[in-house]
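**Q** Please see the structure below; I have some questions.
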Amino acid sequence: MLRFSRNRQKSLVLFIAVALAFNLVQQQNKKLVKTSLKKESSKKLLQYDDPLNTLGNTKSNPDSAQEFSFLNPMAGGVLPIRRFTIRGGHMFKLLNGGATSAKTVTAAAAAADDDQRNILLTVENCNGLCLESDRCDAWEFRNLTTSTRAQNETCMLFTNNETSPLEIHQAIDNNPNFVVGFAQKRAGVLKPAVQSKEDEVHVPKEKKVLYILHFHHEIIPHAYARILNEIFPSSWMTSFMDLVVITPREVSLLVAKGVNAEEIGLQGSSSLVNPFSPYDDSSRKGSNGQMSLPIARAKFPGYGGYLLVNDDAMVKFWELPSDLWFGDRPWGTFAPLQYSQQTWGERMIKKRYPYGNYKWSWYNYDSGSVALKTGAVRSNFDAALDAMKDLCRNETGITNDMDDVSVAEFCGGQSEQNVLNPYVHGGGKADILYVPGNKLGASMSRAITLFGEHDVFMEIAYPMIMNVVVPRERVLEMPICDNSIQSWRNKYDSNIVQFKPYFKKTREEGGGLQCPVIHPIKFGLEVSIAYWKDVITNSTASHCSWCTWKDTDNNAGFWTLAN
């Protein structure tokens, strides 16, 4: 009897061991694609010859590997951006170093000699030198092979110049060994001023949303002033949102009523800068507008969410329950989950508008330039394809945060083929994007930076990132209403101005919404001001309890600096 019991015990133990082993195999199989991608990625990283391909290759620069991770903010809230070079401004310091040296450059050493040799330069201490210098507004770091040495690190420090403002454009051959960073030392955040003690409501930063007002082009002064002092105060959620302005060139926040000259002398007195610029065609400024979100998130971390809104779009906040639309789920003004695959083909450019083998013209345009020469710079299709290959190699860790279904669909064998997946259909809108402040939002921000480094047009980059990074069950559809302002003419007529839904919704959430987001609405035109005034004073009277229209002079104390 005892012998039988022991045999049963052995059988039971053996059965449990087999069951556990089977379960382990199932778990391994479930993550097979993701695991194989990571192993493949590790092998490829070791084979890289370019020392800054990962900006942390221990083979070339162990200090950088320990201190620096690209796509993530650095000290001072600086977002490092690869594959770009600085133009404009004034370079006041040039430092050259050698990777084999044990001597690390200091601010004092940098100040003593414009052409330092035999020093150890890294991306991290190049950024540190800029932050320590009162003159420095931006830096550029290069790690290039020269004829005299295997590696040659260079750190250049720049100050802004009114006659030649700082800008960045693609480095030659989209070289990842070029890295730039903007210190944004004077950038500030606006918040509504407390009008009385009774109105004071303290909301912690992690419960608030940072509204990022993005200007594509150089600001129109009177439009900028009216947006801040008439349009926004009419419907601003005062205890829920702060405001950061981001522009191609730094502008003062003194135009905001309530921010006085004494405050403007303090740190935090100007706009953020989105310095991306095309080679030659000024009409393409702002096409890398998605970078405004990670730039703002890097400089001002800790918010519960980040809402990027172009200057010609508006949100009717009173139509959107904040717990859903400004919670932990992202959304954009395009139709998500509507994509296909597209095989690479040689593009054709016909006359000014480059219709070619890709159905939407923007895929045929050059990435970073609209010079009408095939092959002058990569097309947006090629740039998006390269960005997806980088993402799927998992140098960024983005695939670690993606679900297994998405990794298998978008990276399972696709990264090395010339097939763009997802291929988003042309005509999509990318005028507003909400990204939560949680882990998912951080992963999206890294993906946006990666696509920005490849200079992918924002209306291609936004929906690609949403489809690839965001799990299906977390997707929200935000209906956007569109209207051609050409039909408005010069006089406001409520019978003519009709914003209509741009795409058909496929999800129940938000199904009852009418037109919570509208585009385009150009506040440099009086007809747009008249339209928004009508929205606030008439059509929303029964829906928005806090909305009220006041002319600029009656909003004299609305804003103050938040930092």
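The values are calculated or read from the model by the stated rules, or taken from the named source; none is laboratory data. Given the structure is predicted, the values throughout are model-derived calculations rather than measurements. Backbone-built Cβ (ideal geometry, glycine too); neighbour counts: all protein chains shown.
**Q** Taking segment 65-92, which residues are at pLDDT 50 or above, more than 20 Å from Glu250 (Cβ to Cβ) and among the charged types (D, E, K, R)?
**A** Arg82, Arg83
**Q** Still on this structure, I have one more. Collect the residues in segment 298-340 that are in a helix (DSSP H, G or I) and in contact (Cβ under 8 Å) with a residue 12 or more places away in the chain, keeping them in residue-number order. Lay out the reasoning, then the answer.
**A** Keep residues of segment 298-340 that are in a helix (DSSP H, G or I), which gives 298-299, 317-319, 322-325.
Ala298, Lys299, Phe317, Trp318, Glu319, Ser322, Leu324, Trp325 - these are the residues of segment 298-340 that are in a helix (DSSP H, G or I) and in contact (Cβ under 8 Å) with a residue 12 or more places away in the chain.
**Q** If you don't mind, there's one more thing I want to ask. Sort through Asp311, Asp328 and tell me the only one that's assigned by TED's automatic domain parsing to the domain that holds Met241, charged (D, E, K, R) and under 22 Å from the mean Cα position of the chain (by Cα).
**A** On the way: Asp328 fails: assigned by TED's automatic domain parsing to the domain that holds Met241.
Checking each option against the conditions leaves just Asp311.
**Q** May I ask you to say which residue of Gly368, Gly397, Gly375 is closer than 21 Å to Asp328 by Cβ, at pLDDT below 90 and either among the hydroxyl-bearing types (Ser, Thr, Tyr) or outside the structural domain of Phe503 (by TED's automatic domain parsing) (or both)? Let's see the steps before the verdict.
**A** Details: Gly368 fails: closer than 21 Å to Asp328 by Cβ; Gly375 fails: closer than 21 Å to Asp328 by Cβ.
From the options Gly368, Gly397, Gly375, the qualifying one is Gly397.
**Q** Please indicate, with yes or no, whether at least one residue in segment 488-511 is modelled with pLDDT of 80 or more, loosely packed, with under 14 Cβ neighbours inside 10 Å, in a loop (DSSP other than H, G, I, E, B) and more than 25 Å from the chain's Cα centre (by Cα).
**A** no
**Q** Check Ile480, Ile521, Ile460, Ile496 and return the single one that is in contact (Cβ under 8 Å) with a residue 60 or more places away in the chain and in contact with a Lys or Arg (Cβ under 9 Å, 6 or more places away or on another chain). Lay out the reasoning, then the answer.
**A** Working: Ile521 fails: in contact with a Lys or Arg (Cβ under 9 Å, 6 or more places away or on another chain); Ile460 fails: in contact with a Lys or Arg (Cβ under 9 Å, 6 or more places away or on another chain); Ile496 fails: in contact (Cβ under 8 Å) with a residue 60 or more places away in the chain.
Of the residues listed, the single one that is in contact (Cβ under 8 Å) with a residue 60 or more places away in the chain and in contact with a Lys or Arg (Cβ under 9 Å, 6 or more places away or on another chain) is Ile480.
**Q** I want to confirm something. Restricting to segment 146-186 and keeping residues that are of a type in the set (Ser, Thr, Tyr) and in a strand (DSSP E or B), which single residue is modelled with the highest pLDDT?
**A** So in segment 146-186, the residues of a type in the set (Ser, Thr, Tyr) come out as 146-148, 154, 159, 163-164.
Now narrow it down to the ones that are in a strand (DSSP E or B): 154, 159.
Numbers: Thr154: 93, Thr159: 96.
Here the answer is Thr159.
**Q** I'd like to check something: does segment 488-495 contain any residue that is touching a Leu at 6+ places or on another chain (Cβ under 7 Å) and small (Gly, Ala, Ser)? So that I can check it myself, show each step before the final result.
**A** So in segment 488-495, the residues touching a Leu at 6+ places or on another chain (Cβ under 7 Å) come out as none.
Checked against the condition, which is being touching a Leu at 6+ places or on another chain (Cβ under 7 Å) and small (Gly, Ala, Ser), segment 488-495 yields no hits at all.
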